[in-house]
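Bear in mind that the values in this text are calculations on the coordinates, not laboratory data. Please read these numbers as outputs of a predicted model, since none were measured by experiment. As a convention, Cβ positions derive from the backbone with ideal geometry for all residues, glycine included, and neighbour counts pool all protein chains shown.
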Amino acid sequence: MGRQQLEQGEGPGGADGFGPDADDTGCGILHVDMDAFFASVEVRNRPELRGRPVIVGGVGGRGVVSSASYEARRFGVHSAMPTVRARRLCPQAVFLPPDFEEYSTASRAVMAIFGEITPLVEPLSLDEAFLDVSGARRRLGSAAAVARLIRARVRDELRLTCSVGVAPTKFVAKLASGRAKPDGLLVVPADRVVEYLHRLPVSALWGVGERTAALLHRLGLATVADIAHTRPATLVAALGEAAGTHIHELSWGRDPRAVTPRVAEKSVGAETTFDTDVADPDVIRRAMLGLAGRCAARARRAGVVGRTVTIKVRFADFRTINRSRTLPAATDVAREMFETAWSLFTALATDEQVRLVGLRLEGLDTEGGAPRQLMLGEREHGWRDAERAMDAAAERFGSAAVRPASLLHPDTPTDRPGPTRPGS
Amino acid sequence: MKFRVERDALADAVAWTAKSLPNRPPVPVLAGVMLEVGDGRLTVSGFDYEVSSQVQVDVQADADGTVLVSGRLLAEITRALPAKPVDVATEGSRVEITCGSARFTLPTMPVEDYPTLPEMPRSAGRIDAGLFATAVAQVAVAAGRDETLPMITGVKLELERNTLTLLATDRYRAAMRELEWQPDEADTSLTALVPARTLSETARALGPLGGSVGVALSAAGAGEGMIGFTGGERRTTSRLLEGENYPPLRSIFPPEFVAHARVPAAALAEVVKRVALVAERNNPVRLSFSTDGLVVEAGATEDARASEALECEYSGDEMTTAFNPQYLLDGLGQLGKPIARLSFVDPMKPAVISGSTEDGEDDTSYKYLIMPVRFANQ
């Protein structure tokens, strides 16, 4: 980020032999990282923002920055910074509240492209993933060629940019993508991994944060090369068995972890922090309704149903409680999740100020695989179908297209009444 | 207080009152049963503010008086006593029970802390005790057990002229039984939602006594919100559940069907039990009907599977539907007829089980409705 590596094209690095055209023999792992993902999605959707500093984050008094465009990063704004501070650093920036539905839609599109390249995709978050492309050589070419293909497809099909690191291991691939940013490609050849790593500061190693780095500095260890040439026993004595061995292995580029396609999610959840603490049950009820909608939509998208609904309530004094109830049959219906969540909340019989509420669906099973006990009087086209129709509408027209009537806000222009409004 | 009583008479009386005692009483005295002697009779009472039970027994009374003792302990002791006359006497703050060479001393609880039992509501009519016990068992099986939804833990009684209808549901199945009773007034029209557990225990205890059961229910005035049952020297009262929003169960039973199957009830139950062994928790058994008969299956492609065929008279299009095996067994087990008649509208719509005889005499006084399970790719 702080580095001046903003040349266009395939990015920096050619001069020292690391870069887009380096020898990729023995490199099978890609780390693909979207550039300033949330901000980029916003800029893509609103071309008038192009070239301006864009900051996505909580706009309330307690918000933090989720994503900042590179224009904003020049002012020192970075993610996880309180929005209030970002405003001081870059008052001219466009501040936008996050639209997670939009980002997940974009993320799905990105992941879909990865999925067409190889089934060995390990998403780390909405905007980054490891890919093992060693099996794609015959079909699509070498790892670097695949990386170029991915970058081109993401650019052409999604009008977004990403940076790709190509290396023999996950750890080095991730380092490389970081060095390639933004909109770059960096190959670390297999026979030059050690050379590449050894020039880097110790903080480049996975698992070395500020505190560990400071500790290593006190031992006189500043670069990865220093670590590599320190006896493992010394490192273990300083950092403990696990961490000491781990960073020594990494310093020689040894990282045996395979790319593991994502294991099934164990739960889906969402939570919301109120801008100011609330005690009004109506406000909490609406928040729960919104959370239920988000959880249910996510469950349906992931094709899972769950039997246990858990709520989380954090009071003004940060006391946090969880309550859960297991349903007779698994569900992915927001209505059912909301009713359960709301009865759990009302059972608390509290009138205290609430800071945060969360809702989680647990005990997941794959939908379709899970038989569903029908309920008496359940209409053939009940809530479930209504909510599926909402999913389809949101897919086409955005998440504000259809939602429960009590979540409509008269001031928001997107909330005009439409022809489809199931559940009203 | 001092009296002598027959062992069986005492054991039955204590068992009747102790059945409704709470496991974890909010106040200790509610775990007690009260023994009261006067006019040559012993009255045994239990009450937990929800349900009250009382029974009178003839005894040989030497001294009148009242004591309150632990109901559970007294019930266990009386059940275990030898078949000999039992002597009960208070000794200070204790009560002594002697039977043959067995001797028990129990602590008593303060009688003055014990609540007064509620008045019996006004009598509404009478019903055959055995018939009532069967009917209640048939319907209570479908009642819910989820205490967070009190309404569905009840059995609904509809007393309309000389027809008594019992209804229950746990939202996944429903049962309805109609039978005749003798109302005190010809134009009776009353409804009550009675906790299923209390109703079952009461009907089960009164059934073997024979004779008739008195039903006491007031539409308004004294005893409102309460139902009472009497049989012989026994009476019980129960608080009613709030039933204003009880689902309209009658209208959930489909008026017409497109397919019917006739199959021996016991044989089908055996097959379902066997096949369900491979059905994991919450997984259904699948029933495929055709003119060739019925095939019952369970299990998924990668897991253990089972299937079994049995003869079945079937009229309708070929059809596969799936049910929770326990729901199916509950209904089949309560039919009380050799042949189960299964009626369908659609594989995804409620199915109704009723009884029939081998000669084809259909009996629709009992109907058990069951919601299917939607399984994969359906």
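Of the cross-linked pairs B:K156/B:K273; B:K19/B:K337; B:K273/B:K337, which ones have a Cα-Cα span greater than 21 Å in the structure shown? Let's see the in-between values first.
Numbers: B:K156/B:K273 30 Å; B:K19/B:K337 30 Å; B:K273/B:K337 19 Å.
Over 21 Å Cα-Cα: B:K156/B:K273; B:K19/B:K337.
Going toward the positive end of the dipole of the stretch A:199-251, with +1 on Lys and Arg Cβ and -1 on Asp and Glu Cβ, which of A:G209, A:L221, A:T234 do you reach last?
Selected residue: A:L221.
Per-residue HN-Hα couplings for the stretch A:304-315, Karplus 6.51 cos²θ - 1.76 cosθ + 1.60 at θ = phi - 60°, whole Hz, x for Gly and Pro?
10, 10, x, 9, 10, 9, 10, 10, 10, 10, 10, 7
Magnitude of the Cβ-charge dipole of the protein assembly as shown, K/R +1 and D/E -1, about the Cα centre, nearest 20 debye? Don't jump to the answer; show the numbers that get you there.
Working: 92 positive and 104 negative charges, 659 e Å.
With Lys and Arg at +1 and Asp and Glu at -1, about 3160 debye.
If you take the alpha carbon radius of gyration of chain A and divide it by 2.2 N^0.38 Å, what ratio comes out, to two decimals?
On the way: Rg = 24.2 Å, N = 424, 2.2 N^0.38 = 21.9 Å.
The value comes to 1.10.
Could you work out the Kirkwood radius for the stretch A:199-251, taking every pair of different alpha carbons, averaging 1/r and inverting it, reported in Å?
Working: mean 1/r = 0.0962 Å⁻¹.
That comes to 10.4 Å for the stretch A:199-251.
How about A:K181: which aspartates and glutamates have a C-alpha closer than 18 Å to its C-alpha, ignoring those fewer than 8 places off in the same chain?
A:E7, A:E10, A:D16, A:D21, A:D33, A:D35, A:E71, A:D127, A:E128
If the elastic network links every pair of Cα atoms under 10 Å, which of A:A80, A:A237, A:A292 fluctuates the most in the Gaussian network model of chain A?
Greatest mean-square fluctuation among the candidates belongs to A:A237.
Connecting C-alpha atoms closer than 10 Å in a GNM of chain A, tell me which of A:P123, A:P371, A:P53 has the biggest fluctuation.
Per the Cα network of chain A with a 10 Å cutoff, A:P371 tops the list.
Per-residue counts of other Cβ atoms within 10 Å, averaged by peptide: what ranking do you get for A:95-101, B:312-318, highest first?
Details: A:95-101: 16.9, B:312-318: 15.1.
Highest mean packing first, the order is A:95-101, B:312-318.
Distance between the C-alpha centers of the stretch B:141-216 and the stretch B:27-103? Whole Å please.
About 31 Å separates the Cα centre of the stretch B:141-216 from the one of the stretch B:27-103.
Averaging sequence separations of C-alpha pairs under 8 Å and six or more residues apart, then dividing by the length of the stretch A:199-251, give the relative contact order as a whole percent. Let's see the in-between values first.
Values: 52 pairs, mean separation 19.9, N = 53.
Taking the mean separation of contacting Cα pairs over the length of the stretch A:199-251, I get 38 percent.
Can you give me the angle between helix B:71-80 and the longest principal axis of chain B, using Cα atoms only, in degrees from 0 to 90, rounded to the nearest 10?
Result, in degrees: 90.
Placing +1 on the Cβ of each Lys and Arg and -1 on the Cβ of each Asp and Glu in the protein assembly as shown, which of A:G244, B:L342, B:V69 has its Cα farthest towards the positive end of the resulting dipole?
The listed residue farthest towards the positive side: A:G244.
Calculate one ³J(HN,Hα) per residue across the stretch B:83-92 by plugging θ = phi - 60° into the Karplus curve 6.51 cos²θ - 1.76 cosθ + 1.60, and present them in order as whole Hz with x for glycine and proline.
Using θ = phi - 60°, the values come out as 7, 9, x, 10, 10, 10, 8, 7, 10, x Hz.
What lysines could a cross-link reach from A:K312, if we take a straight Cα to Cα line under 29 Å and drop same-chain neighbours fewer than 8 places away?
A:K266
Once you average over the residues of B:30-36, how many Cβ atoms of partner chains fall within 10 Å of each Cβ?
Working: counts 0, 0, 0, 0, 0, 0, 0.
Per residue, the number of nearby Cβ atoms from other chains is 0 on average.
Taking B:K84 as the anchor, which lysines have their alpha carbon closer than 22 Å to its alpha carbon, excluding any fewer than eight residues away along the same chain?
The reachable lysines, counting only those whose Cα sits under 22 Å from B:K84, are B:K2.
Work the Kirkwood hydrodynamic radius out for the protein assembly as shown: mean of 1/r over every pair of different alpha-carbon atoms, inverted, in Å.
Details: mean 1/r = 0.0304 Å⁻¹.
Kirkwood radius, the protein assembly as shown: 32.9 Å.
Please give the helix A:170-180 orientation as an angle from the longest Cα principal axis of chain A, in degrees from 0 to 90, rounded to the nearest 10.
90 degrees
Counting only C-alpha contacts under 8 Å and six or more residues apart, can you give the relative contact order of chain B as a whole percent? Walk me through the intermediate numbers first.
On the way: 902 pairs, mean separation 47.7, N = 378.
Across chain B, relative contact order equals 13 percent.
Could you list which residues have their amide H under 5 Å from that of B:D184, counting only those 5 or more apart in sequence or on another chain, with H placed in the peptide plane?
Hits under the 5 Å cutoff: B:G125, B:R126.
Expressed as an acute angle from 0 to 90° and rounded to the nearest 10, what is the orientation of the C-alpha long axis of helix A:143-158 relative to the principal long axis of chain A?
That helix lies at roughly 40 degrees to the long axis.
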